[in-house]
Structure formats: C-alpha cells, structure tokens
1. Taking segment 330-350 as the region of interest, how many residues are more than 15 Å from residue 310 (Cβ to Cβ) and out of contact with any helix residue (DSSP H, G or I) (no Cβ under 9 Å at 6 or more places or on another chain)?
2. Condition check: without any contact (Cβ under 8 Å) to a residue 60 or more places away in the chain and within 23 Å of residue 366 (Cα to Cα). Does residue 261 satisfy that?
3. Can you report the number of residues in segment 119-130 which are under 26 Å from the mean Cα position of the chain (by Cα) and assigned to a helix (DSSP H, G or I)?
4. Quick check, is residue 376 over 30 Å from residue 201 (Cα atoms), surrounded by fewer than 21 Cβ atoms within 10 Å (Cβ to Cβ) and assigned by TED's automatic domain parsing to the domain that holds residue 252?
5. Counting residues that are in contact with a strand residue (DSSP E or B) (Cβ under 7 Å, 6 or more places away or on another chain), in contact (Cβ under 8 Å) with a residue 24 or more places away in the chain and surrounded by 15 or more Cβ atoms within 10 Å (Cβ to Cβ), which helices (runs of 4 or more DSSP H) fully inside segment 1-118 reach at least 1?
6. Which one is nearest to residue 306 (Cα to Cα) among residues in segment 364-373 that are crowded, with 19+ Cβ neighbours inside 10 Å and touching a helix residue (DSSP H, G or I) at 6+ places or on another chain (Cβ under 7 Å)?
7. Out of everything in segment 346-363 that is more than 19 Å from residue 240 (Cβ to Cβ) and touching a residue at least 24 places away in the same chain (Cβ under 8 Å), what residue ends up being surrounded by the most Cβ atoms within 10 Å (Cβ to Cβ)?
8. Between 228, 202, 249, which is in contact with a helix residue (DSSP H, G or I) (Cβ under 8 Å, 6 or more places away or on another chain), buried (at least 19 other Cβ atoms within 10 Å of the Cβ), over 30 Å from residue 398 (Cβ atoms) and touching a residue at least 24 places away in the same chain (Cβ under 8 Å)?
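The values are calculated or read from the model by the stated rules, or taken from the named source; none is laboratory data. If you're wondering where the values come from, they're calculated on a predicted model, not measured in any experiment. All Cβ positions, even for glycine, are placed from backbone atoms using ideal geometry, and neighbour counts span all protein chains on display.
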C-alpha cells in the first residue's frame, strides 16, 4: 500500500450542495488512504447532507468564522516564530494589493486574506500537513498562497469557471507560486496559459462523477408527453431564459412537451414572469431545489436533459457542468451549447447535441430533432455513458491528482 499522506483541502464552502465535486474528491482521497484536513472559507449556505458529509462538516475549519482575536494571535505567533518568512509574505501581499489597487475591493481583500492565511499556516504546521490543495482560483487561492509562504508547505489549486473568467486576478502570480495548477478542461488550460504562461505547470483533471451513483435505471417507456429537465442555479449563465424562449417556439409549432426546472436563484421571479408572459404554465413547471441524493432518481424520470449555457454580462460562464455528466450516466439524452469546455464532454451528433449559446431558435430545433428521432436518442444514451466512464469517472481523475500530489511531496 502507498505511504499515507496528510494534506489539507481548502474550498469556498465544504460540504456545499453546489460543489459536490469538492467533497466527493475529498471522500475518495480519504477512502484511498489519505488523511485530509478540510478547510472552508465560509459555512455552506446550502450544505450537502448525509452521514459522511455530516462528519466532514463537523471537522471542517470555517476560516471566516474565526474570532478576530484569534486571527491577531495567529499573526503574532507566525511573526514571532518565523519572522523572515512572515515579513517576506507580508511584502508580497502588499505588492499584490498595490498591483490590484490598494483602495479597491480586491486590493483590500487581499490584505485581509493575508491575515486569515496566518491561521491556515498554523493549522498546516500543527497538523503536519505535507501539501495544501485548493478548489477555485480566486479567494481560496489568495489565502492558500500566503499560507504556503508563511508555512513553507507547498500548495496547488484547481481552477473552474467564475474564478478565472470573471474573478481571475493575479493568475500569473498564483501559477508561478503554486507547485502545480489544475483545471477542468482543455479550454480552461489554454485560457490559463494565455493569462499566466507556465503551461508545463497547468494540468487538466476533469471533475469526475461516480458511475455507481448515477447508473442508468431500468428501461422504461418514454412519457406520452416528453419530459424535458434542466437543473441549475437560476443565474444568467445557465441560460434558462433561452430555454424558456425555445419552449415558446416549440409550443407555437404545436409540439407536446413538459419542461421541469429544478433549482432556485436570483432570476427565479424573472423566469416565472417569462413563463407567464408566454402562456407556458401548462408546459413549464418550477420544481425547486433538489438535494444531491434526489438528483439520480429525478434524472432517470426524464426523457431529455437540456442545459442552455452562455456567457453572462460579466464574462462568467460554466466550465463543464457536472450535472451534464450525471445526466449522461443516467442514460438521459442531453443538449447543451458550444461554449467553454462543454464540447469536450458532449460530442455533437455523437453523444448529444450542441446549439449556439443565446440562440433559442437553434436550441428549439435541436430539441425538436431529438424528440423526433428515437434511434438518435438510443445512440446518444450508449455513446454518452461510454464517454463519461472513459474520461470523467471520479476514481480515474482522483488517481491523476494522487500522482500529482505524490510527485510534489517526495
């Protein structure tokens, strides 16, 4: 058996319903022999539930809930015990803040995160961790790079979407200071190389899914009226408004369908108004948020899954949404858009269909095509499951991380 490693994991929220890939990765590493010290910036707004997740949450340190008196003590401790390192990292943080604008939100935030990082450095030292890995390249990686500098314990990070497309400050510095960087698609890797260079340090590790949790259910006949589903936070980049507009086109063509929208978010009222204005109340139903353990059964009750991803007004967009992988594993034909890393998962015409983002008419044509072709649906089910199992299976991708961790902790 491989030597047991002790590493720390830092993410915005652990265990969060919206970031299943983080806690699944932690649990899989622990099952393979790692000791993981979980650190979270915030207490989860919507925590994931379950026995293993309850235990994970109970042993997670929530950094922004640390009393200010303890933050001060941690900084004084590091200054006294490692004065040269502490002052060198402080100078680096001040330089970073000046680079971003000392009096704007990011600059001030970097200085605050430097102070928080002292507590992380102390945990790394007290727990005898050999490495710190971080999910998301914005705030958690700010904290990690300063904590790593103070503790002399190396760090790495996984970049996803919003954290590089909209909030990608200091990416060049983060890649340079990290032992390695990971991202979830080739699209993202090319984006990071353009921003930060150092291509040899940037690796692609897909967010993986567990085939056992999302295996295709027993064969069932299609619904008399086809049931389409979409799931995601109700924000601009999910394109739910475009999907509703596509449904309006389908209704005008006298096509029968039901659309079930699972999730919630700030655009819910706007989306409900769009349904009302289009007289789509009979066709479109808002299901509300789903716990992660409810998702497999819900997916298996669909005839088709559609995720109309697009770039929002701030430049943010999805990477490769995990829910698409889950739908494909569940044996549900999928439709999404030509954006970001999604074409690396869905091969248009082979394992699903892709439409141009922000084009409800093309999206409606794709839905109509799939609704009308049973053979195409069957081909997509077979090809999609094979694609996910070959390239997006959790244990295979965690094995890549294991190799990277062991290379930097020799």
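1. Number satisfying all stated conditions: 1.
2. It is true that residue 261 is without any contact (Cβ under 8 Å) to a residue 60 or more places away in the chain and within 23 Å of residue 366 (Cα to Cα).
3. To start, the set of residues in segment 119-130 that are under 26 Å from the mean Cα position of the chain (by Cα) comprises 119-121, 123-124, 129-130.
Add one more test, that the residue is assigned to a helix (DSSP H, G or I), and what stays is 119-121, 123-124.
Counting residues in segment 119-130 that are under 26 Å from the mean Cα position of the chain (by Cα) and assigned to a helix (DSSP H, G or I) gives 5.
4. Criteria met by residue 376.
5. Result: 20-31, 51-58.
6. 367
7. Of all residues in segment 346-363, those more than 19 Å from residue 240 (Cβ to Cβ) come to 347-351.
Filter again for touching a residue at least 24 places away in the same chain (Cβ under 8 Å), leaving 347, 350-351.
Details: 347: 15, 350: 12, 351: 21.
Filtering first and then ranking leaves 351.
8. On the way: 202 fails: over 30 Å from residue 398 (Cβ atoms); 249 fails: buried (at least 19 other Cβ atoms within 10 Å of the Cβ).
Being in contact with a helix residue (DSSP H, G or I) (Cβ under 8 Å, 6 or more places away or on another chain), buried (at least 19 other Cβ atoms within 10 Å of the Cβ), over 30 Å from residue 398 (Cβ atoms) and touching a residue at least 24 places away in the same chain (Cβ under 8 Å) holds for just one of 228, 202, 249, which is 228.
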